[in-house]
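Working notes, structure below.
The values are calculated or read from the model by the stated rules, or taken from the named source; none is laboratory data. Please read all numbers here as calculations on a predicted model, not as lab measurements. Note: ideal-geometry Cβ built from the backbone for every residue, glycine included; neighbour counts use all protein chains shown.
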Amino acid sequence: MTDRTVTQAYLLGISEGRAAFRALGPGDDLSADARTTLDILQTLLRQGFAGDMRDCLRGERDFWRNQVKQLSKGE
């Protein structure tokens, strides 16, 4: 098990992901939007951000990973 701590930046990323998810309208394809957002976040993380920015992106990425997983169960 790792001794990683959850940072405020990571939690901010989760909050931002949740806010974006809630902003999606009823006509939106939630599954496609979640996958696209996850792909974008993974691309951004590969660009080498560090510190708080990296933690924020990781938090939002993890939020969207969970959404993709949850939405896949419903299909």
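A few points about this structure:
- Residue selected from the range 2-17 under the condition among the polar types (S, T, N, Q) and in a helix (DSSP H, G or I), by the criterion nearest to the chain's Cα centre (by Cα): Ser15
- Any chance Arg22 is part of a helix (DSSP H, G or I), at pLDDT below 95, loosely packed, with under 10 Cβ neighbours inside 10 Å and not acidic (Asp, Glu): yes
- Tally of residues being acidic (Asp, Glu) and closer than 16 Å to Ser72 by Cα across the range 20-59: 4
- Restricting the range 29-72 to residues that are touching a residue at least 24 places away in the same chain (Cβ under 8 Å) and among the hydroxyl-bearing types (Ser, Thr, Tyr), the residue that is surrounded by the fewest Cβ atoms within 10 Å (Cβ to Cβ): Ser72
- Residue count for the range 39-57, restricted to those that are in a loop (DSSP other than H, G, I, E, B) and either among the basic types (Lys, Arg) or at positive phi (or both): 1
- Being among the polar types (S, T, N, Q) and touching a helix residue (DSSP H, G or I) at 6+ places or on another chain (Cβ under 9 Å) is a property that Thr7 has.
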